[in-house]
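Only the coordinates and a few stated rules stand behind these numbers; no lab work does. Note that the coordinates shown come from a computational prediction; the quantities given were computed from them, not determined experimentally. Note: ideal-geometry Cβ built from the backbone for every residue, glycine included; neighbour counts use all protein chains shown.
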Amino acid sequence: MVDHLKARLDKIRKFSDSAKRRASLYMDMTKFDDKSTARSLGCVQRASAPGKKLQKIGFIIFWIPEPTGISNAIAAPMILTGRYLDKKYNGATIHDIGHETKRTISTISDFKSNVMK
């Protein structure tokens, strides 16, 4: 019982140290005064997705009723360009990368546990 409590206490200490390090890192990041650095960090946290926006605008233009069909001629390339940009442009943020990393690590640990049985 005592060993279990010690292990739990060590785990809580590790979490506490990790939280302290993370908080100090965030505090250091807020001290950036350079505008270009701040803008770069902002882009990493809030990545835009121009492909999706272009697709949405293309679909809106495509479904607008118009007798001459010019809107369809404009909307189709916009939709295709949006799809292309969606495939080529990566709009992932740090949050997305963290979730994908966690999922990959859990998959690897599941694989290891199945192999080691």
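How much FRET efficiency would the formula 1/(1 + (r/R0)^6) give for Asp3 and Ala49, where r is the Cβ-Cβ distance and R0 is 35 Å, rounded to 0.05? Walk me through the numbers on the way to the answer.
Numbers: r = 50 Å, r/R0 = 1.44.
Efficiency, from the Cβ-Cβ distance: 0.10.
Step through the table entries Lys14/Lys102; Lys56/Lys87; Lys35/Lys56; Lys35/Lys102, compare each Cα-Cα distance with 23 Å, and write down the pairs that go over it.
Result: Lys35/Lys56; Lys35/Lys102 exceed 23 Å.
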